[in-house]
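Input: a single structure, listed below in structure tokens.
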Amino acid sequence: MGVRKCGTRALLEMLYLHPMVQKASGEVHFFDRDENYNKGLEWYKMQMPHSHYGQITIEKSPSYFVTPEVPERIRAMNASVKLLLIVREPVTRAISDYTQLRANAATASPATFPTPAPKTFEQLVLHSNGSVNEGYRPLAISVYHHYLHRWLEVFPREQLLIVNGDQLIEDPVPQLKRIEKFLGLESKIGSHNFYFNETKGFYCLRNETSNRCLRETKGRKHPRVDPHVVSKLRKYFGEHNQKFYELVGEDMGWPED
């Protein structure tokens, strides 16, 4: 169900290493886009891969997390569905979001026309008077508790597992073991399924037949951000993070300065 730029694609591909997991190939966007939702549940089923008895089918669309109608729509389909929410330290997530938006804008702009220099992260997250620009979308999405309230009004807490995206990057196996247990799967994924790629700076995947890394757009190098701005944002998120911890019953230990 999200969160954007927290490792949803990496998590999906890692879980697919398990022989009892099938995954939808792309982001389906059934519950968050009216034009798809209005096609009905049969259309949604057609987007799913074939699976055998006992296998679990997984799909991910990170915008599910922030779209108001989605929790009720999912419950209407299946009230007992298992939900995975992957989160990262909020300032890191916001910088990653900015980095992707900037890369997408550069790709979309025709090379033949001069374009104004893109605004820096610092210019976008702070107003001219130095206050935090709470309306800037990458910051707003990092205020996790604002969105999680909706989900917990619809689903019991035990149907939702919080996955630590920062730890998934640094040491994926412990997070995947937790997920296997949550999904009722036999423990199959282990350190033998990963190798560290020094060039990319993150873990790549390995199974019996092949080795593969996530595509080039994953793990983009972040721009350097003024440490004073990072510190200011972490202080801003401090109270929001505490509210999130209280909601999920778990302290993620994110820095507040």
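Helical content of the chain, expressed as a calculated mean residue ellipticity at 222 nm, amounts to -12000 deg cm²/dmol (DSSP H runs of 4 or more residues, -39,500 (n - 2.57) each, divided by residue number, nearest 500).
Relative to the longest principal axis of the Cα atoms of the chain, the long axis of helix 144-154 lies at roughly 30 degrees.
Here is the short version for the chain: CYS6 have no other Cys C-beta closer than 4.7 Å. The GluC sites (Glu not before Pro) of the range 161-249 that meet both conditions, a loop assignment by DSSP and at most 12 other Cβ atoms within 10 Å of the site Cβ, are GLU186, GLU198, GLU208, GLU216. Tell me the angle of helix 227-248 to the major Cα principal axis of the chain, expressed in degrees between 0 and 90 and rounded to the nearest ten. The two axes meet at around 40 degrees. Amide H contacts of VAL21 (H built 1.01 Å from N, in plane; Pro and chain starts excluded): ILE56 sit under 5 Å, all sequence-distant by 5 or more or on other chains.
The distance between label points at HIS228 and GLU69 comes to 4.6 nm (points 7 Å beyond Cα on the Cα→Cβ vector). Distance between the modelled labels on GLU158 and GLU170, one decimal in nanometres: 3.1 nm (7 Å Cα→Cβ projection). Relative to the longest principal axis of the Cα atoms of the chain, the long axis of helix 90-108 makes an angle of roughly 80 degrees. Put simply, the amide H of VAL163, placed in the peptide plane, has neighbours under 5 Å in LEU85, ILE86, VAL87, leaving out anything fewer than 5 places away on its chain. Rounded to the nearest whole Hz, the Karplus-based 3J(HN,Hα) values (6.51 cos²θ - 1.76 cosθ + 1.60, θ = phi - 60°) of the range 157-166 follow the sequence 4, 6, 8, 10, 10, 8, 10, 7, x, 5, with x at glycine and proline. Extent along the principal axes, Cα only, for the chain: 59, 43, 42 Å, with the longest axis given first.
Given springs between every Cα pair under 10 Å in a Gaussian network model of the chain, which of ALA24, ALA117, ALA103 has the largest fluctuation? In the Gaussian network model the winner is ALA117.
Approximating the spin labels as points 7 Å out from Cα along Cα→Cβ, the GLU198-to-ALA79 distance works out to 5.6 nm. Across the chain, Cα pairs under 8 Å and at least six residues apart give a relative contact order of 21 percent.
Read-outs throughout are calculated quantities, based only on the coordinates presented, and are distinct from any laboratory measurement. On a predicted model such as this, the values are computed, not experimentally measured, just so you know. Cβ atoms come from the backbone with ideal geometry, glycine included; neighbour counts cover every protein chain shown.
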